[in-house]
Amino acid sequence: MLLFLGTQIGLTQPAAKAQTPVAPTTTTKSICSTQLGTAIDAVINRPLFSRGRWGILVQPLSTGQTLYSRDAQKYFTPASNLKLLTTAAALQQLGANFRIRTSIYQNGNGVLRVVGRGDPSLSDTQLQILAQQLKQKGITQIQRLIADDSYIQGDIVNPTWQWEDVQSDYGAPVSSFILNQNIFSLKLVPQAVGKSLQVLWIDAGEAKQWRIINQSVTVAQNQPIYVNVTHELSGTVLRIQGQLTTNSEPSLIDLPVVDPNYYFLRRFRSALATQKITLGQTLVVSGGLNQKEIAFVESPPLSELLMETLQNSNNLYAEAILRALAVKKLRVKNQTSADVGLEVVKASLTQLGVNPANYVLVDGSGLSRRDLVTPEAFVQTLRGIARTPTAYIYRASLPVAGKSGTLKGRFQNTSAEGIVQAKTGTLTGVVSLSGYLNAPKYEPLVFSIIVNQSEQPTTVVRQAIDEIVVLLTQLQHC
């Protein structure tokens, strides 16, 4: 019996990614620091929030004196706020100029080895560059291409992630070979009423990898629209369900690849063909001897990878960066790259002054519900990295209220617009926001707000969080 699992495309919100709520209304009034507690309590003690858990900590950036605290030392599921910890450690350990290299080595007798090192930014463009480099070296034929995937060890998908997340583009696998963010796409196009939706493949090579069970239908105008695409666990069958109206736009569906190594090899074969380089056998191995490097591409510097990770809450980038941290420590036998990376994160956070008892980490992105972090851990991280030489790079990577990234649609036309830099976080029942705030009439602040176990719509909780942040912008000494 086949087990089919999936998510509804277009109806569900991506886990661990922030959405856009209605901005809270605000005035230009001021509030004394002594009145802050009463004002925040008035927001979170509303009856509609009686079943949820709130964790809040607000401190001046320089002193660490507590302006407001609510369960700040208790564990919460952080969602994508966890990316603050992963990226802080990476910046400290790897440096802003660190790049991830993908190499091709010549082993003689028409045999080439390509070594992937988990570059999350690698795309078809870089494959073309590699193919051009080989052509410039006079290579017109490759008898055997070996893909070495030994650099990143362990599960390509975190075993604690939920099934619906693993089926979605935001839960794409992380491995030594990451190409096009390990996502492939197809379009579903409405036809005449009663007909199945037409499936158009963006990449014809992927069409051959799947058997499609198309149970979708085209319906008349003014009917509801929904699409559900699932794949069976073995990764060979796609089931398409749902309906689009005759006059609706085609629906673009992004899905995670099942085997990143062979996806990379298929796409690279195409890139080589454009340079008229013929490719014979392909093979995936783990380990082996790298002789002479004849071609390579590198990722943008870590400073730019952090921008994508934090601005757009990119889970794949966060997980790739976590595994990149494994280069800083010797791995013992049977230890995964992610586990080694988590050890490095913990050591780095301790150096920044974060209490190790304040968190339990199982991934680098916050997509796992087994991650547990206190608001105090986020405040300690934000304050700790603010004292380092790379503080400006870290802070510049964060979304700006009303201006950029996952905060672009929040805080517009409020006193928080442009003066709050913070990381969002969203899972079902979880909403979080942690970051920096330059209060006009007060000193700079650092804050963490996490809500768990809320049955309220995400937009409602998010609006309450935004109200609290707007209150912080109105602080003044009295």
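The values are calculated or read from the model by the stated rules, or taken from the named source; none is laboratory data. Predicted, not measured: the structure shown is a model, and the values here were computed from it. Here Cβ is always computed from backbone atoms with ideal geometry, including for glycine, and neighbour counts include all displayed protein chains.
Report, ordered by the first and then the second residue, all pairs with beta carbons closer than 6 Å, sequence separation of six or more or different chains, a first member in segment 213-230 that is more than 14 Å from Glu249 (Cα to Cα), and a second member that is basic (Lys, Arg).
Ile213/Arg239; Thr230/Arg239
Would you point out which residue out of Val469, Val420 is over 24 Å from Asn315 (Cα atoms) and buried (at least 19 other Cβ atoms within 10 Å of the Cβ)?
Going through Val469, Val420 in turn, just one is over 24 Å from Asn315 (Cα atoms) and buried (at least 19 other Cβ atoms within 10 Å of the Cβ): Val469.
Every residue, every condition in (1) β-branched (Val, Ile, Thr); (2) in contact with a helix residue (DSSP H, G or I) (Cβ under 9 Å, 6 or more places away or on another chain); (3) crowded, with 24+ Cβ neighbours inside 10 Å, yes or no:
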position	(1), (2), (3)
Leu382	no, yes, yes
Tyr392	no, no, no
Ala401	no, yes, yes
Arg410	no, yes, yes
Ser415	no, yes, no
Thr424	yes, yes, yes
Val430	yes, yes, yes
Phe447	no, yes, yes
Asn452	no, no, no
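Specify which of the listed residues (Leu471, Leu437, Leu427) is of a type in the set (A, V, I, L, M, F, W, C) and under 21 Å from the mean Cα position of the chain (by Cα).
Of Leu471, Leu437, Leu427, the one residue that is of a type in the set (A, V, I, L, M, F, W, C) and under 21 Å from the mean Cα position of the chain (by Cα) is Leu427.
Testing Gln167 on (1) crowded, with 21+ Cβ neighbours inside 10 Å; (2) within 30 Å of Leu342 (Cα to Cα), one condition comes back false. Which one is that?
Tallying (1) crowded, with 21+ Cβ neighbours inside 10 Å; (2) within 30 Å of Leu342 (Cα to Cα), Gln167 fails exactly one: (1).
Looking only at segment 183-201, count how many residues are more than 20 Å from Leu255 (Cβ to Cβ) and β-branched (Val, Ile, Thr).
Residues that pass the stated criteria total 1.
Kindly establish whether Asp259 is touching an Asp or Glu at 6+ places or on another chain (Cβ under 6 Å), surrounded by fewer than 20 Cβ atoms within 10 Å (Cβ to Cβ) and within 30 Å of Ser103 (Cα to Cα).
Spelling it out, it is not the case that Asp259 is touching an Asp or Glu at 6+ places or on another chain (Cβ under 6 Å), surrounded by fewer than 20 Cβ atoms within 10 Å (Cβ to Cβ) and within 30 Å of Ser103 (Cα to Cα).
Scan segment 118-159 for residues that are at pLDDT 95 or above and on the phi > 0 side of the Ramachandran plot and report the count.
Residues in segment 118-159 being at pLDDT 95 or above and on the phi > 0 side of the Ramachandran plot: 1 in total.
Looking only at helices (runs of 4 or more DSSP H) that lie completely in segment 22-137, which have at least 2 residues being crowded, with 18+ Cβ neighbours inside 10 Å and hydroxyl-bearing (Ser, Thr, Tyr)?
Helices (runs of 4 or more DSSP H) meeting the threshold: 83-94.
For the condition within 20 Å of the chain's Cα centre (by Cα) and either at positive phi or without any contact (Cβ under 8 Å) to a residue 24 or more places away in the chain (or both), what is the one hit in Ser313, Ser299, Ser365, Ser337?
Going through Ser313, Ser299, Ser365, Ser337 in turn, the sole match is Ser313.
Just to be sure, is Ala79 over 30 Å from Asp363 (Cβ atoms), touching a strand residue (DSSP E or B) at 6+ places or on another chain (Cβ under 7 Å) and at pLDDT 95 or above?
Criteria not met by Ala79.
Limited to segment 313-367, what total is found for residues that are in contact with an Asp or Glu (Cβ under 9 Å, 6 or more places away or on another chain), surrounded by 15 or more Cβ atoms within 10 Å (Cβ to Cβ) and under 14 Å from Gln380 (Cα atoms)?
Looking only at that region, the number is 3.
With Gln215, Gln209, Gln243 as the choices, which residue is more than 26 Å from Gln128 (Cα to Cα) and either charged (D, E, K, R) or out of contact with any Pro (no Cβ under 8 Å at 6 or more places or on another chain) (or both)?
Result: Gln215 is the single residue among Gln215, Gln209, Gln243 that is more than 26 Å from Gln128 (Cα to Cα) and either charged (D, E, K, R) or out of contact with any Pro (no Cβ under 8 Å at 6 or more places or on another chain) (or both).
Could you tell me whether segment 212-228 includes any residue that is over 20 Å from Leu316 (Cα atoms) and buried (at least 21 other Cβ atoms within 10 Å of the Cβ)?
Step one: filter segment 212-228 for residues over 20 Å from Leu316 (Cα atoms), giving 212-228.
Right, trim to buried (at least 21 other Cβ atoms within 10 Å of the Cβ) and you get 216, 218.
Yes: one or more hits.
Just need a number here: residues in segment 174-191 that are of a type outside the set (Phe, Trp, Tyr), in contact with a strand residue (DSSP E or B) (Cβ under 7 Å, 6 or more places away or on another chain) and either surrounded by 22 or more Cβ atoms within 10 Å (Cβ to Cβ) or outside any loop (DSSP other than H, G, I, E, B) (or both).
8
Evaluate the following for Phe264: is it modelled with pLDDT of 95 or more and part of a strand (DSSP E or B)?
no
Criterion first (surrounded by fewer than 20 Cβ atoms within 10 Å (Cβ to Cβ), touching a helix residue (DSSP H, G or I) at 6+ places or on another chain (Cβ under 9 Å) and of a type in the set (D, E, K, R)) does Arg269 satisfy it?
For Arg269, the condition - surrounded by fewer than 20 Cβ atoms within 10 Å (Cβ to Cβ), touching a helix residue (DSSP H, G or I) at 6+ places or on another chain (Cβ under 9 Å) and of a type in the set (D, E, K, R) - is met.
Would you pick out the residues in segment 145-198 that are of a type in the set (Ser, Thr, Tyr) and within 29 Å of Leu279 (Cβ to Cβ)?
Residues satisfying the conditions are Ser150, Tyr151, Ser175, Ser176, Ser185.
Taking segment 216-256, which residues are over 16 Å from Lys195 (Cβ atoms) and of a type in the set (A, V, I, L, M)?
Once the filter is applied, which keeps residues that are over 16 Å from Lys195 (Cβ atoms) and of a type in the set (A, V, I, L, M), segment 216-256 yields Val229, Leu233, Val237, Leu238, Leu252, Ile253, Leu255.
Does Val237 satisfy being in contact with a strand residue (DSSP E or B) (Cβ under 6 Å, 6 or more places away or on another chain) and either more than 29 Å from Val174 (Cβ to Cβ) or buried (at least 16 other Cβ atoms within 10 Å of the Cβ) (or both)?
Values: in contact with a strand residue (DSSP E or B) (Cβ under 6 Å, 6 or more places away or on another chain): yes; either more than 29 Å from Val174 (Cβ to Cβ) or buried (at least 16 other Cβ atoms within 10 Å of the Cβ) (or both): no.
Here the answer is no, as Val237 does not meet what is asked.
Table: residues versus (1) at pLDDT 90 or above; (2) more than 17 Å from Gln241 (Cβ to Cβ); (3) among the charged types (D, E, K, R).
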site: Trp161; (1), (2), (3): yes, yes, no
site: Asp165; (1), (2), (3): no, yes, yes
site: Ser176; (1), (2), (3): yes, yes, no
site: Asn214; (1), (2), (3): yes, no, no
site: Ala220; (1), (2), (3): yes, yes, no
